[in-house]
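Only one structure is covered here, and it is reproduced in the block below.
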Amino acid sequence: MTAEPLYVQIAAAVRQEILRGELLPGARVPSVREMAERWRCTVGTVQRAYADLAAQGLIESRPGQGTHVVGPPPEQDGPALRLATLLHRWEGFVLEMVRVGYTLEELETASRLALDRWRALILAPTVPEGTTLRFAGSHDPAVAWIAERFPSLQGGAPLQVRFVGSLSGLIILARREVELAGCHLWDEESGTYNVPFVRRLLPGKRVALLTVAHRRLGLLTPPGNPAGLASVTDLVRPGLRFVNRQSGAGTRIWLEAQLHRAGLRLRQLSPVGPEAQTHSEVARLIAEGRADVGVGIEGAACFFGLGFVPLTTECYELVIPNYVWQRAEVQTLAAWLSAEETRRAIAGLGGYETGATGAVRWVE
């Protein structure tokens, strides 16, 4: 692939700042002159980059106020017009990326990963009870895949997904703000997944645990694992830049337990940047060279072409109270997950074992 023109690189850098939440809706973007000095280029180059970003609907110029990141779409637009506007902007972006050499498969993967990130960052909109299935819980690409496909099935329903971490998902479920939670919480005392936490946070309730998959968890490293990492005890090496997950994430809880068993503490590691909200974010930071290692699922390593050191296989389940389990669309979901075609598709995402997908166990 040939080197991208400088204006394309500038536009991509600004777009990444928007995607990472460093430039929020309404925030002022550096002036053309400021950006030209930063990139050591002509004003015309920056103007072309800003014109592309404006065409994509990401920034806008305000007379006398400079250039800003656009805010949310106007509420007065009807759904058809909103969708048409979004499609126009998305097609413009796709055309630009294809022109500089990206494949449609790469764009599809990037789109899925970007949506995962925003499902972890954006607060869920208010949705009337009974019109959808609301999910809160641990980040998992298979859950995002399910959310894309389940509504189109006969008997399916829209699945509103919020990635907030395993523990937070259970707490939100206990408050009845969602119908489903997704978790992979490992209990150090019993050596089991999920059940002890469900009993503590939903005491006295009859709850179904519906298996999405067993997934491989390990160390995410640059390609080839240049540091030769082999276990969690290697994470305390001096100078090793580590990506941490947010408090309450099942991955972080598991890591803290493993460090504790080895006589180590999380504070002995050298974290870089903000805590990552998803496995994809951990992988992205390593792929960009901003970190050396993180703990995550194999699927995230596959997406970004990273090295992967397997450490364990964990059970990821949907937590469903009995009063929700009785709903017809939940029964449709359970049956669909059990189908061989669904199992093969989830396994194809990478890093999953789907022999138990669709299995149900009960916490009484």
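Taken together, the values in this text are just the output of simple stated rules run on the coordinates, not laboratory data. Here the structure is a predicted model, which means the values were calculated and not measured. Cβ coordinates were reconstructed from backbone atoms using ideal geometry, including for glycine residues, and neighbour counts include every protein chain displayed.
Hey, in the GNM for the chain with a 10 angstrom Cα cutoff, which one of E340, E105, E275 fluctuates hardest?
Sorting by GNM fluctuation, first place goes to E105.
May I ask you to evaluate 6.51 cos²θ - 1.76 cosθ + 1.60, the Karplus curve with θ = phi - 60°, for each residue of segment 328-342 and list the ³J(HN,Hα) values in order in whole Hz, giving x for glycine and proline?
4, 5, 6, 5, 5, 4, 5, 5, 5, 4, 6, 5, 4, 4, 5
For R15, R33, what ranking results if the residue with the fewest other Cβ atoms within 10 Å of its Cβ goes first? Let's see the in-between values first.
Details: R15 18, R33 10.
Taking fewest neighbouring Cβ atoms as first place, the list is R33, R15.
What net charge is computed for the residues neighbouring K205, neighbours being all others with C-beta under 10 Å from the C-beta of K205, Lys and Arg scored +1, Asp and Glu -1? Provide the component values of the computation, followed by the final result.
On the way: positive: R199, R206; negative: E364.
Its environment carries a net charge of +1.
Test of understanding: in a Gaussian network model of the chain with alpha carbons linked when under 10 Å, which of G289, G350, G305 would top the mean-square fluctuation ranking?
Between G289, G350, G305, it is G289 that shows the largest mean-square fluctuation.
Note the per residue figure in Å³ for the convex hull of the C-alpha positions in the chain.
Details: hull volume 59.5 nm³, N = 364.
It comes to 164 Å³ per residue, whole-number rounded.
Around N244, which amide H atoms from residues at least 5 apart in sequence, or from another chain, sit under 5 Å from its own amide H, with H modelled in the peptide plane?
For N244, the qualifying residues are V272, A276.
What order do you get for 142-148, 162-168 when each peptide is scored by the mean count of other beta carbon atoms within 10 Å, highest first?
Per-residue Cβ counts within 10 Å, averaged per peptide and sorted highest first, yield 162-168, 142-148.
So how do M35, M97 line up by other beta-carbon neighbours within 10 Å, fewest first? Please list the in-between numbers first.
Numbers: M35 21, M97 17.
Exposure proxy ranking, most exposed first: M97, M35.
Within a 10 angstrom radius of the beta carbon, how do H279, H260, H184, H214 rank from fewest other beta carbons to most?
Numbers: H279 31, H260 12, H184 25, H214 20.
Final ranking by Cβ density, sparse to dense: H260, H214, H184, H279.
Rounded to the nearest 0.05, what FRET efficiency do S247 and E340 give with R0 = 41 Å and r taken as the Cβ-Cβ distance? Could you check?
On the way: r = 38 Å, r/R0 = 0.93.
That gives a FRET efficiency of 0.60.
What is the chain's relative contact order, in percent, from Cα pairs under 8 angstrom and six or more apart in sequence? If you can, show how the numbers build up before the last one.
Numbers: 598 pairs, mean separation 64.2, N = 364.
For the chain, the relative contact order is 18 percent.
So, R0 is 22 Å and r is the distance between the beta-carbons of H260 and R200; what FRET efficiency does that work out to, to 0.05? Each step should come with its number before you reach the end.
On the way: r = 19 Å, r/R0 = 0.87.
With R0 = 22 Å, the Cβ-Cβ based efficiency is 0.70.
Starting from the amide H of A359, placed 1.01 Å from N in the peptide plane, find each other amide H under 5 Å away whose residue is 5 or more places distant or on another chain.
Residues meeting the amide H criterion: T211.
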